[in-house]
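Here is the structure we will look at, set down as structure tokens.
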Amino acid sequence: MDRLTDLALALPPALRELVAYRIWESLHPEESWPLASGQIEEIRRRAAEVEAGTVQLVDGEDVLRNARARIDARRQ
């Protein structure tokens, strides 16, 4: 348990959050991940931008494909 915790805490913050999220889902599959008030405000702000048409939406698959290509290019 301590070793696993130490390994998880050594991860970058974004990955720690992903690990925590996945554990949360395994324990509470019927509940939503709790959001901080700042996250809720950000979601509302972004939703308003989409509704107002002031941002250009990008397909998620395209974003992932481009990100993977950039990562692969850096590895070479």
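The values are calculated or read from the model by the stated rules, or taken from the named source; none is laboratory data. All of these numbers come straight from a predicted model, not from anything done at the bench. Glycine also receives a Cβ, built like all others from the backbone with ideal geometry; neighbour counts cover every protein chain displayed. Ligands, DNA and RNA are excluded from the accessible area calculation, which covers all protein heavy atoms including side chains. Shrake-Rupley method; radii C 1.70, N 1.55, O 1.52, S 1.80 Å.
The table below lists the values:
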item	result
Å² per residue, accessible surface of the chain at 1.4 Å	93
Surface share of carbon and sulfur [accessible, 1.4 angstrom probe, percent] for the chain	57
Estimated distance in nm for a label pair at residue 15 and residue 36, the labels positioned 7 Å out from Cα along Cα-to-Cβ	2.1
Cα-based radius of gyration of the chain once divided by 2.2 N^0.38 Å, which approximates compact folds	1.50
